[in-house]
Structure formats: structure tokens, C-alpha cells
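Okay, so here's the structure we're looking at.
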There are 4 protein chains.
Amino acid sequence: MGATLGQGYKLTIFGESHGKGVGGVIDGIPPGISLDMSAISRELMRRAPGNSPFTSARQETDGVDILSGVYQGHTTGTPLAFVILNKDMRSGDYEKSMDIPRPSHADYTGFVKYKGFNDPRGGGHFSGRLTAPIVVAGAIARQVLHGMGVRVLSRIASIGNVEESVFSSDRAQWDKIADKAFPVFDDAKEHAMKACILDARQSKDSVGGVIQGIAFGIKPGIGSPFFDTIEGELSKGLFAIPGVKGVSFGDGFDIAKKRGSEVNDTMCFDQGVITHMTNHNGGVLGGISNGMPLVVNVAFKPTPSIGQPQQTVALRSSENLIHTFSGRHDPCIVPRAVPVVESLLAMVLLDQVLRAD
Amino acid sequence: MGATLGQGYKLTIFGESHGKGVGGVIDGIPPGISLDMSAISRELMRRAPGNSPFTSARQETDGVDILSGVYQGHTTGTPLAFVILNKDMRSGDYEKSMDIPRPSHADYTGFVKYKGFNDPRGGGHFSGRLTAPIVVAGAIARQVLHGMGVRVLSRIASIGNVEESVFSSDRAQWDKIADKAFPVFDDAKEHAMKACILDARQSKDSVGGVIQGIAFGIKPGIGSPFFDTIEGELSKGLFAIPGVKGVSFGDGFDIAKKRGSEVNDTMCFDQGVITHMTNHNGGVLGGISNGMPLVVNVAFKPTPSIGQPQQTVALRSSENLIHTFSGRHDPCIVPRAVPVVESLLAMVLLDQVLRAD
Amino acid sequence: MGATLGQGYKLTIFGESHGKGVGGVIDGIPPGISLDMSAISRELMRRAPGNSPFTSARQETDGVDILSGVYQGHTTGTPLAFVILNKDMRSGDYEKSMDIPRPSHADYTGFVKYKGFNDPRGGGHFSGRLTAPIVVAGAIARQVLHGMGVRVLSRIASIGNVEESVFSSDRAQWDKIADKAFPVFDDAKEHAMKACILDARQSKDSVGGVIQGIAFGIKPGIGSPFFDTIEGELSKGLFAIPGVKGVSFGDGFDIAKKRGSEVNDTMCFDQGVITHMTNHNGGVLGGISNGMPLVVNVAFKPTPSIGQPQQTVALRSSENLIHTFSGRHDPCIVPRAVPVVESLLAMVLLDQVLRAD
Amino acid sequence: MGATLGQGYKLTIFGESHGKGVGGVIDGIPPGISLDMSAISRELMRRAPGNSPFTSARQETDGVDILSGVYQGHTTGTPLAFVILNKDMRSGDYEKSMDIPRPSHADYTGFVKYKGFNDPRGGGHFSGRLTAPIVVAGAIARQVLHGMGVRVLSRIASIGNVEESVFSSDRAQWDKIADKAFPVFDDAKEHAMKACILDARQSKDSVGGVIQGIAFGIKPGIGSPFFDTIEGELSKGLFAIPGVKGVSFGDGFDIAKKRGSEVNDTMCFDQGVITHMTNHNGGVLGGISNGMPLVVNVAFKPTPSIGQPQQTVALRSSENLIHTFSGRHDPCIVPRAVPVVESLLAMVLLDQVLRAD
């Protein structure tokens, strides 16, 4: 299981890296939304590899074919299905993974769970390519949220040891980086991060990083206590992204080092409206939005695919061996994950609003 | 919504801090489990306040009354309901919270979501007291897991700036701290952490910390890709604990700073069985267990209730004011949260096993 | 599993016939509903046995103890838990059922599913007594629906071969029988039905019947196509009532004998509003309400508990035997099932409205 | 909502009658099933119109394109997506339905629910064509069930007033009609039923009927009490079929006329195994299978599309009018619904087995 996310805005994904394609079915889109296909393509382009030296050299031109749920340019309210056909597949690069699992990939765990029957080519169903349908569903969710005054953005907060620790709730500053391919507030930091990625690439290695997502315009009172918290629902979504190892809100793990007097978000009336004077909690208290921008931090591990020889096993012969895996890989998944994080943020927030529970 | 967690082992909780009591209904317990009530009481005792200077002075003697689902000492397989009646309530301490929301608590967000009708006394349904039914359900889950060879433990990894960063996969070392009220590997670190809490208490302040949970004995192949990952399901559960702001697995946020060559968990055959030589991924790859101990890190913010004056608002009069909240509070929630983290870890893992999807 | 129903108005039930009690947890009640406890008691009284010669001689005085979710007389919006403690249990009557399953009861299927560990006393969790929490949840749902202009009623349409086949959409006629203990339009029919039950009782036998439920005031556009139809959701709920073997809508199974020209519900504008001229479809088309009264028919089998000797088995000794089961039983479950049918109708309709999907 | 059914074997459907196509995503298929594509095609052919004078003249050659979830001829265990592209669409026939709703169709309720944005051509998402993906999912479920010794069959029990009331639990008799396009035990009855359909067609009218489905080989102990009963889950599935107005089990509504002594299914040991001597309950007691063949009856209304003038409304002009709808329609949906009923029976039973709850 695991193909379906959401109750009010429900996405079901399918596909394999080297099969016919990937796609999804979205149930719960409100009827009458005028669908902006170019916005969907733009988001997919941000996710696609092959656009810069910081990502894989593969070319993906992801054309989305909408199969249902749109009539005369508007959403119908009934399920919207779409497919993105696969192209430029070099399965030969990956055939060995059928027998020799790549360390820290899902090759081995998928093999065990599916008893050796899952498609191993290019990671099969576990491939990062499955984030493409997530981006499509996210792009549509953003269009619906837009009509509600909600905007979802994100930035790269760190690559390896290069961090841009400054946080800003200032929307203008965020808007400024909205269209950047590599969204960082400070140009010097951006260059240092890129250098870090190129350095890893040159060493046939990879590097991790942190993405910070933010949503402006969420009203207070959205979400639920305990088992359907905004934090829990968002995490459930975000851990779907291959390579994510941690999710935190507001000040995140740093808040654990602080005292209450330092990080309590105090309140005041500002022109008749209750507002919070700081946002250490990232816009959520007790699982429910408090009206401040919602802030989430997502930690990515370094891409497990590296060009160096690694210790692994041969499943059929039960042998230990040192193997160098070939193939085109991202030295850092973080830049391409930016629209995926935003998509899940948009999807889950819309889901919360539509559930209205 | 938000009262129910799980599909194969399903808990529904209810109650308020100063109402008649708190409790839960568990659906999906396998029939024929010989229930160890003293083990349940022992876990509740670990969670109860009033046991040490590191926690609140309130006395809770949590007697669990099982209402259904047990017959002749064994679980029946049908729903097990239980209630823990409330005692020693001093509502007077809290009455003001009806009008003056405590900063960084759910007082304000609950007020908005429930339109002013939720029970405000002692946090009402948002109270940490609701973790008592979670501990009951966790204690029962642990008994079922025990029969499957799974053991769940945890330790306090940091309090404020005092960290015990060493990680160990060695079960013997973990077993040694299993019965400690304040589980830390190193005694000196434990003392430093306790000093940090007492220091915060003396300043009428509070402090946060990190708990690391671990599960030994999980077989490879449990979990699902994408939206039902072990990480996602666990996070959904763990963010239910009041005060949790971050959840990560294995090396967590630190892995984002590393290179693939440093943190890839390589594999080898060890006496005919595939094992991993390191555990940077915390036992999960692609959402599915890889056979290594499952390791999760949970960040807690400092208790928002502090004895210092804070800026806040009066809802009815729409005034800004400086207020000092009274009441008995934990200077640090972390020690009492230890069994709660273990309980959610046990519940979610059992749920994954029973779903068998 | 099976203890939980609903997504927007979610009930979880628990309990056994001869255990401590039965009860439930309701999540999703809107906040601020002024709860009428006497209305809940009244509905429970309608369901209770011992009130007439047509039902069992057992006395149940079902006092509902609300454990959470109500504050200062209003619903809080957080989970409402309640328990009804058991009294007047004569377990001795039933002890044999542990070894000798009653034909057409769940004794045998429960024994197989729960591997012999389920509570066998008085049917245990399978007892009709579990409909008491359903009636509580239904009574609360009705109060919420009342504020939306929806009223739920029902009538006994047949007992054995005595049928009152006339159908009426006239609300006034329905209102007239709303408070009857044995709701039938025509008095002569009512007497004939009662005679049929007494006749069965005298023969130490039992008899079945059909209840017709109706909901006035449902707006058009509620429900969903395919797998979340009003019909499907209602059936899922109604088949929870012990003894139900069939559920149909509008003309039900009779419609299968008709031609389209006879039973198509044609439409017209009536004072500017679209209305249907007939209601053969019982208010639902394509899974969605059409604005006409929602009409559902529920078939009950004769109570399987009869006072005559029956062929059965002894589980432990693997013997065939002829056994006469003792105990106090209803010769016909239909009269007591009236409020249960209404309760499920109310719960499911409210769920559909609150899901708003 | 409403596109998804099941928890252990989960189908999500999409599509419109005159859009690009219809299809589905199935999550939960066990890995390693050798997929028989010709069996899928055969089931689709049974459902397709244009095969006989008893059905619509439209030609549908439903080619199923599998997009994911199959690798080297076996199911992978990950989501299986498929699409059936639409052909032979004459939208012109239906354009009027955008403004003039067909009586007893979902035209009006869909219009209200989706605020006029749903695709009206040929019924759009509400079309019977959406049963094609159900048949695909059912054909796959049957292949999985086959490996568990379960066989699903069905027969036409009545068309209009022509009933074949005899019931048989004899598997040989059922096997005999398994391959019939119009499955009826007795040839004379079959001819009478066909004459009834042709008669309705000649009158530009339509007629309803009842299908009885049966599953052999279900072990005792499958299913759950109360809200996840086999009956409730099956009904939820079966009411998805356009035109279904009633679902019953075993003797169905007739059992309501009987006495307990007549219809109690007594038990005995037969060669050491507990069996039931009759099957009035249709293989289910207390929501759980008892080991007897599972028997379900499904009532279909006459196709609402008839060639006679009918009273209806014009939405835009708010006028009443008499309208004769054109288009190619089935005078009776029952023959084509046979494989759809079997498919839902197979899907839901497999779901129950895989949920194992």
C-alpha cells in the first residue's frame, strides 16, 4: 500500500521509472477551477533533471496528459487522472540493481517486501520519478489555494555544511526568490552551496541539505489535535519524498535547546486582530494553525547513488562484493526537491481546508 | 477530528484534563493476549507527574478501568475500552485561561477551531493528560510486540544544551537503561541534564530536549513506499504529543550535512544473513524496514507554561496585557514524555505489522 | 475490526452484553450543540427491552454516563465519550453458548474469527445490546440535523406476512406516528402485526419484518458517486444491526419488476424550484440526494433465538446434538430496532453533510 | 469523493463516458501473480454493449492498456494502473442533457453537486461505462482468489416479472452456467426473460431485474462485526453500480416473512468439519463468513433511458417540458451487469481476506 494521500484532496500515484510512465488520480478537486496547464508544466520543469550542472544529465520533458476530470477548461469535481509517459530510459544502466542492491537505496527493502517481483529498473516504483505526479497534484492544489489567498514558497536553507540560518517571515523577501531555480536569500550563500554540490560531484560523491517551506495566508483554526495535526499530516506527506530523513516546524530541533522564555510566541492585538509577535512554533499550536506563516524544515540525506566503489552483496550468489554503480545521478537531490516540498505543502494544506474537520 | 490513529491497531482517545476522565478504545488487538495489567500501570507511573523534582508537583494515581475487550484475563479480539478517572483537579488554577490564552499553548487555536465551546480547564482536550491513554495503548502494543520478538526502548538524548550525542546500536547498552526513570547512558550527562532542568525551574522558566526511541527486532520488509512509510506513519503519531516540533530518523538533520560516501549504509552477508554495516538511516529505506534497529529522534520544545510574566491578550475585552500564569507545571516535559514516545513507537510498529500491506 | 463508522461524524463502539458495559466515542460533533439528554434517554427507552409483551422480559434501564466532550451543557467539538453500565445480567442463562453455538447466531463465526477468546456470555460483543451506543450517537446526530431542518422517522412496514404496503411521502402522516411505540399508519394493520408476534411467541418461535426509514429535509446534492454513495454508506451502517439481511431504497426490490415508464421519477418546476413528481428512487440518484424524502427499507430476519429444540453441535466434544436454548429473547426484534434504524439513518446522513465532499 | 474502494485491495477509478477514457489504479495486489490478460478481456467483453439485441447497439472494444504494476508478466505488488481509451462516441446524441436532465438519471443530482461543471456528455463520470474499470479490477481479484480456492459466479434471478426463484448451493449446477452470456439455470426461464426484454424494447421502454451472485470457497471467520461486516462492505461496493436499488443476502427480503424455526441454519459435524444444513443466511452471520457459499441478491431498476416522451425541465430557461430523449440505450441493464456484480463480489471478498482484520 501507500499510493494514496489525503481525505479531502486525495492523490493516488502509480508508475515506475522505466515502465510506460508515471501518473496519478486526484479526487476532491473543487469543481469549476480554471486549470492553468502552463503553471503545471512550469512546476514540472523545476523538478526535471538535466537543467543544470547541479542535477542529473538525464533529459526529461514531462508532458502531462490529462485523462479525465477537466471539461471545457474547468475542473469537473470528479476524479482528475493524468499520465506522464516515460522517455529517454536507459535501462541498461540499471539492470545490475536486480541482483546487486545499491547501498542506502530501497533496492533491498523493496526486494524483501515484494518478494523479488517489483520492477528493479531505475528503482522502479521507488524512483524519484514518482515525485512528478506529486508535483502535478501540488500545482493544481496551489491553484485552488491561490483562490483562497494562500501562497506556498520555499528556499534552500542548507547544502552540506553551508547554511543560511537567517529566517524571515517577511513575505516580500520570500516573493523575491519565488522564481529562482536555486532559491536562496543571499547570493553569496547560493554560490557557496552550488560550489559544495560541484565539489561533491567532482569527488564522485553526493551531499545532502535542508529545504524550508513556508505557507502564507493560512487562517487560524485549521487542523486538528492529536492524530490529525497539521504537523503529522504534513510529515506523512513529506516523508514520501525519497531521501527525506527529518521534518520539523518553526525553530525545529533547535527549539529543544532553548528556554520557554526565549521561544514562547507571545500574542497581542494588532489593529483589532490577534497576532503573534514571533513565530518559533512555525504557525502551528496543538496541531492547529495560529494564523502565522506555516514553516516546515525538511532534511534530505545525500543521494545514495555515488560513483565510488561500495561494499554490497549479490543476492543470487549470496556473495559480498565491492561494486561501483554506474548511471546518471544527482550529486544533490535538494535543488530538484524544492517544487516537491512545495507541492506536498500545498496538497496537505488544501486537504486540511477541504476536510474542514 | 483527530481522535483515531492506526488501521491494523487502531486507537481512539477521548477526555479532558479536568473533566470526568480520559480514556480510549483500541480496535484490532489480536485475540488471546494474556494482559499484564501491572505492566500497564508501570508505564503509566513513568508518565505520571509528581514523582520527582524534575516534573510537576501534581499527584496523578492513574488507575485504569478496563471496560471491555478482556475476558478471563485474555484479550477477546473485540474493542478494548478503558477509562482513567480524573482526581486532584484544581480547576481554579486555570479558570483564567478561558479568557487569557497562554502563549505558545493551544488555548488560542483551540478557541478559534471550536468557536469558544471547548473545555478550557487545564487545557481541556489539548492537555498532556491525553497522553495517558496513549501510554495504555502503547503498553498493550508492547505486550503483543514482545511475542514477536520486538523490543521498544528510548533515551533522553539532550536537555537544553546538554547533549549525549553518542549513538549505540548495541542492545545490551540499551537494556541497561530500560528501567531508569531518567534514561541516559552516561551518569555524568544525566546529572548535567537534571541540573539544567532544576536551573530552569529556579528561574521560573522551562527547557526543551530530545528523546531518541529505538526498536529492536523489526524484520526487514515492514512498511510501504510513499504515503504510508514507516517514517510518515510514525511522525503522524509522534506529532500528537504536545510540545513535539521535530521528528527525524537515524542521523536525522545531521545527515543533511554529510556526503553519501560518509553515510551510505553498506551491506554484507553475515553468517548467511544480509545485514547493514552502519545504521545512519535508522533502519528504514524507501519507507520500509531494512532489518536494522529502527531509530527515531523527537524534538520537544520547552514547556510553554512558565512562571514569568508574559505578553498576551484578553479575548473578551480585546485588550493587550502582561500576565503571569500560575499553576503547577513541568519545567521540562521530556522525562515524562519518554514512555509516551515509546508507546507511539510500539503502537505504530504493531499497526504496520498487523496491516500487513 | 469494525468498531468505527463515519468520516465526518465518526462513531467508535465497544462493549459486551455481560461485561461492564457498552459505550462509544463520537468524533466530529460540531461544537456548541446544546445537548438534550432527555431526548437521548427517550430514544434509548424506545430500544430497551422489557417494555411490552412484544419484546424480551429483561429490564434494561440504560443510564448514559457522558465522560467527555460536553462542557457547560454544550458539545465542545472534541470527542464525546459515553458509557452505559450493564445491569440485570443473568449470565447463567447463556454459559452453555460457550460450547454449544446457537444456530444462525454469530456464536460460531465469532468463535472462529477470535479463536475462541471472545466473550461468549449473552453473545458478548455480538449482542444486540451494542445497538444502545448506536442509539445514543443517533440521538445526538438527530439534534444536529434538527438544526439543519432534517427530520428522521420510520415505520414498521411488515411483520411476517402482515404488510402495510402503502407508501406515503406526506410528512403530516409520518409525523402522526412519530411518537408511537409501534409505528404503523393503520391501526388494523398494527393489531394484525402484534397478533403475528404474539402468535410466534406462543409457539416458542420468532418472526421477522421490515422497517422503512425516511428522512425529510435533505437538500439535493449530498452524497457521492460510486464508492461513497448515500445508499452504500447507509447500507454499511444498517448491516451493522444484528438480524438485518437486506437494504433497499425507494421501491426497493419491487422496482426490478417494473418498466422504466412506470417508475421513472419525472421532474418539474414547482414555484420556481425543481421537484420530482414521484419518489420511486427514494430520494437518491447516482449516489446523490435529489431533494425528495430519502426512503430506505430494512429487512430483519426472525430472531434466531427460539425456544424450540434445534440441531446443533458441541464444539469441545465434536458431537452433534439436539438442544433447546433457554434465555429471555424477543420473539421479534423489529419493534426494538425502530430507533436503531432511525439512528443509523441520522448518523450516516449527518456524516455525509459534514464530510461535504 | 467516491472514487476509491477497499483497504487491502484498493481500487481508484476515473473517467468519463465521452472523455479520453476510463481507468483505474489498484493498490494492494499481492506481488508475483501471473496476470492472465485474456481473462481480463473476456470479462470486459461480457460487460460490453453491442453484443446482442438485449443490450445497446453501441460498439465498445475495450482494450485495456496497463500502465504500471506489471513486470515480466507478474504483478509487482506496487500500484497497477490501467486505462481504457474511449472510441465510437457520438456526443451529439447527448448534448441536450447539458440543459435537459433525463428523469431518474444522475443528470440533475450531478449538476447540483458539481455546480454545473461536471461533464454532461453521455452521463460523464456517472456513466455505466465507469463499470469497465471495476470489471478489470474484478478480473484481477478473481485471479488472486482463484489461487485461494475461491470462485465467484452469478445468475440472472429475474427480469421484470419473470423469476427463477429456485436457489441452489450445488456448485456443479452453477459451474454449468458460468460461461453463459445470459446465465439462467432453466432454458425456458431464460427465453421468457429475453422475451420480456425484447418486449420492453419494442415498446421503447425498459425493464429491471435481479442478479444473484455467489462465492464458493470462502473459509469461515472472514469479515468483522458491526461497521465492517461482509454485508456492509459488499453493499457499499454494489451500490456503486448504476441502477442498483437493493442488496440482500441469502433469503433476503423474503426472510422477513418467515419464522425462526423455518429459516435458522442449523449446524452439524460432517466428516469432522462443522457445516450448516441450510443457507438461508447466505453464508454470513454477525458480519462474518460461516463457511457456506456467500449469496447476495442485487436489484436493478429499469434503465431510466427510454424512448418515450417524458416530463422534465429545462435548467437554463426554468421551463417545464415534455421531451423525448434519443440515444442508444439498453432496454435492460441486467445482462451486462452480470460481470460487474461478480467483479465487486470478488474485489470485496479479496479485500476482506487481505485486510485480515
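Some observations on this one:
- Debye, to nearest 20: dipole size of the protein assembly as shown, +1 on Lys, Arg Cβ, -1 on Asp, Glu Cβ: 0
- The calculated pair-distance distribution of chain A uses every alpha carbon pair, bins of 10 angstrom beginning at 0, and gives 5, 24, 32, 25, 11, 2, 0, 0 percent.
- For the residue pairs A:K113/B:K236; A:K204/B:K236; A:K189/A:K236, the alpha carbons lie more than 25 Å apart in A:K204/B:K236; A:K189/A:K236.
- Semi-axis lengths, Å, the range A:173-249, gyration tensor of Cα atoms, sqrt of 5 times eigenvalues: 30, 19, 8
- Residue and distance (whole Å) for the chain A Cβ nearest the axis that superposes A on B: A:S235, 2
- For D:199-212, mean number of other protein chain Cβ atoms within 10 Å: 3
- Using a simple spin-label model with pseudo-atoms 7 Å out from Cα toward Cβ, B:L85 and B:S203 lie 4.3 nm apart.
- With the label put 7 angstrom out from Cα along the Cα-to-Cβ vector, C:G63 ends up 1.8, 7.4, 7.4 nm from the copy partners, going from closest to farthest.
- Under the Debye formula (equal points on every Cα, no solvent term), log10 I(q)/I(0) of the protein assembly as shown at q = 0.07 Å⁻¹: -0.74
- With a Förster radius of 56 Å applied to the beta-carbon distance between A:V273 and B:E262, the computed FRET efficiency rounds to 0.70.
- When the Cα positions of D:G23, D:A299, D:Y71 are compared along the charge dipole of chain D, D:G23 comes out farthest toward the positive end, with charges on each C-beta of Lys, Arg, Asp and Glu.
- Each of C:G217, C:G260, C:A188 was scored by the projection of its Cα onto the charge dipole of the range C:178-294, and the greatest displacement toward the positive side belongs to C:A188; charges sit on the C-beta of Lys, Arg, Asp and Glu.
- Convex hull volume of the C-alpha atoms in the range A:214-331, normalised per residue: 170 Å³.
- Shape analysis of the range A:208-269 based on the Cα gyration tensor places the equivalent ellipsoid semi-axes at 23, 18, 12 Å, largest first.
- Here chain B is assigned +1 on the Cβ of each Lys and Arg and -1 on the Cβ of each Asp and Glu. Its dipole about the Cα centre then comes out at about 620 debye.
- Computed over chain C, the per-residue total of -39500 (n - 2.57) for DSSP H runs of n ≥ 4 gives a 222 nm mean residue ellipticity of -8000 deg cm²/dmol, rounded to 500.
- Stretch gain in nm, segment C:K115-C:A188, where the contour uses 0.36 nm per residue and the Cα spacing is subtracted: 21.4 nm
- Gyration tensor verdict on the range A:267-357 (Cα atoms; rounded if a/c is under 1.5, prolate if a/b is larger than b/c, oblate otherwise): prolate
- 3J(HN,Hα) along the range B:37-49: 5, 5, 5, 5, 4, 4, 5, 5, 5, 4, 7, 5, x Hz, from the Karplus curve 6.51 cos²θ - 1.76 cosθ + 1.60 with θ = phi - 60°, whole Hz, x for Gly and Pro.
- Comment: the Cα-to-Cβ extended label point of B:S165, at 7 Å, lies 1.4, 8.4, 8.5 nm from its counterparts in the other copies, nearest first.
- Label point 7 Å beyond Cα along the C-beta direction, distances from A:E262 to other copies (nm, shortest first): 2.4, 8.1, 8.1
- Shielding by other protein chains, B:9-22, mean Cβ within 10 Å: 6
- Cross-link partners of C:K115 among aspartates and glutamates (Cα-Cα below 15 Å; sequence separation of 8 or more within a chain): C:D99, C:D107, D:D357
- If you plug the beta carbon distance of C:E319 and A:E319 into 1/(1 + (r/R0)^6) with R0 = 60 Å, you get a FRET efficiency near 0.50.
- Cα shape, the range D:98-225, gyration tensor, a/c 1.5 rule: oblate
- For the range C:160-301, the Cβ-based charge dipole about the Cα centre amounts to some 360 debye (Lys, Arg positive; Asp, Glu negative; other atoms uncharged).
- Global form of the range A:70-169, assessed from the alpha-carbon gyration tensor, a/c cut-off 1.5: oblate
- Pairs spanning more than 25 Å between alpha-carbon atoms, out of C:K10/C:K180; A:K258/B:K194; A:K180/B:K257; D:K219/D:K257: C:K10/C:K180; D:K219/D:K257.
- Integer Hz, Karplus 6.51/-1.76/1.60 couplings in order for the range A:270-280, x for Gly and Pro: 10, 6, x, 10, 6, 9, 9, 7, 9, 9, 4
Every read-out reported here was derived from the displayed coordinates using simple, explicitly stated rules and does not represent laboratory data. It should be emphasised that the depicted structure is a prediction, and the values quoted were computed from it without experimental measurement. Every residue, glycine among them, receives a Cβ derived from its backbone with ideal geometry; neighbour counts consider all protein chains shown.
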